[in-house]
Amino acid sequence: MLRIELTTQLLRIRTLIALACLTAVPALAAMATAPHAGHRNGDQGGLFGASTYSALNHTMASLQFIAPLLLPIVVALLACAIASADRDWGTLRYLYVAPVTRSRLLAGKLGAVAVTTVAATGCVLAGGLLSGLAVFGPHPFHIIDAPDLTGGDAAARILAASGYTLLCMLSIAAIAFTLGLLLPRGAEALGAAIAFVVVASILNGQSSLHTVAVVLPVHYWQNWTSLFTPAGTHHLGTGILAQIATIILTTGIAVLVLHRRDPTA
């Protein structure tokens, strides 16, 4: 089932275009900021201001730019498609007759969601790294108004940031997958998942609604940027717990939906 799901979804033109867009955005950003190579990117601070110093800087700046909205939309697109495609195409009942047990079907779909989420996140990192190498070169990781990171320290922080972002994307993938099982059509599930990300992001930007925002996984998605500040990993623990709780809760709902209700109804 995992092989079938991956073959069906990853080779679709829609999927290839979405992954290509994730790879292209960092490349376009590199070309746009190429005149600042080796110098601060205008008057910006943080990762954006240091993005033009090295390939690794550009990679992390690309991740910070894409991860809040574009990356979760692509991940939600893939997860919704995996959850709802068989029902939309009218082939789900035939899978049960084959027979394919619901547990096997669910395991294959969840595995495919995980693999496609890794692929989407990897496209952003690969696009940022390759375009960064071509435009800015393999220089040490630069932090504005602080010493450059050593090779080992930079690698450890980048791996931690990438892993944390992947965990965050798995949480929105789990939400989108569950919506794909609950709602009648995949397009409706995708719309609901995108609306959730947009609304949660808006709530997260309102200080008066902080008590509401902190219960949503989106609130913690950018905590990894503290890895490249003196704060270090101070804020990552809560974010990790929030993402894991979201994944467990939504996956549990997906299991109940697929085992207790006919998704074609």
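The values are calculated or read from the model by the stated rules, or taken from the named source; none is laboratory data. Note that the structure is a prediction, hence the values are computed from the model and not measured. Cβ: placed from backbone, ideal geometry, glycine included. Neighbour counts: every protein chain shown. We work out accessible area using only protein heavy atoms, side chains counted, and drop any ligands, DNA or RNA first. Shrake-Rupley method; radii C 1.70, N 1.55, O 1.52, S 1.80 Å.
Taking the criterion of being surrounded by fewer than 19 Cβ atoms within 10 Å (Cβ to Cβ), part of a loop (DSSP other than H, G, I, E, B) and out of contact with any Ser or Thr (no Cβ under 9 Å at 6 or more places or on another chain), the residues of segment 42-83 that qualify are Asp43, Gly45.
Checking each residue of segment 152-160 against the condition of being aliphatic (A, V, I, L, M), over 24 Å from Arg260 (Cβ atoms) and open to solvent by less than 20 Å² (accessible area, probe 1.4 Å) gives at least one match. Within segment 28-41, the only residue that satisfies the criterion of being in contact with a helix residue (DSSP H, G or I) (Cβ under 8 Å, 6 or more places away or on another chain) and surrounded by fewer than 13 Cβ atoms within 10 Å (Cβ to Cβ) is Met31.
One residue is enough: does segment 162-171 have a residue meeting the conditions aromatic (Phe, Trp, Tyr), touching a residue at least 60 places away in the same chain (Cβ under 8 Å) and under 24 Å from Phe65 (Cβ atoms)? Yes: segment 162-171 contains one or more residues that are aromatic (Phe, Trp, Tyr), touching a residue at least 60 places away in the same chain (Cβ under 8 Å) and under 24 Å from Phe65 (Cβ atoms). Against the conditions (1) open to solvent by less than 50 Å² (accessible area, probe 1.4 Å); (2) more than 30 Å from Leu190 (Cα to Cα), Val25 satisfies every one except (2).
If you check Arg93, Arg104 for being of a type in the set (D, E, K, R), part of a helix (DSSP H, G or I), surrounded by fewer than 24 Cβ atoms within 10 Å (Cβ to Cβ) and at pLDDT 75 or above, only one passes: Arg104. The set of residues from segment 193-236 being under 19 Å from Met169 (Cβ atoms), part of a helix (DSSP H, G or I) and open to solvent by 40 Å² or more (accessible area, probe 1.4 Å) comprises Ile194, Ala195, Phe196, Val198, Val199, Ser201, Asn204, His219. Looking only at segment 1-41, count how many residues are among the polar types (S, T, N, Q) and touching a Ser or Thr at 6+ places or on another chain (Cβ under 8 Å). Of the residues in that region, 4 qualify.
Taking Asp145, is it modelled with pLDDT under 90, under 23 Å from Thr229 (Cα atoms) and among the charged types (D, E, K, R)?
On the way: modelled with pLDDT under 90: yes; under 23 Å from Thr229 (Cα atoms): yes; among the charged types (D, E, K, R): yes.
Yes: the conditions hold for Asp145.
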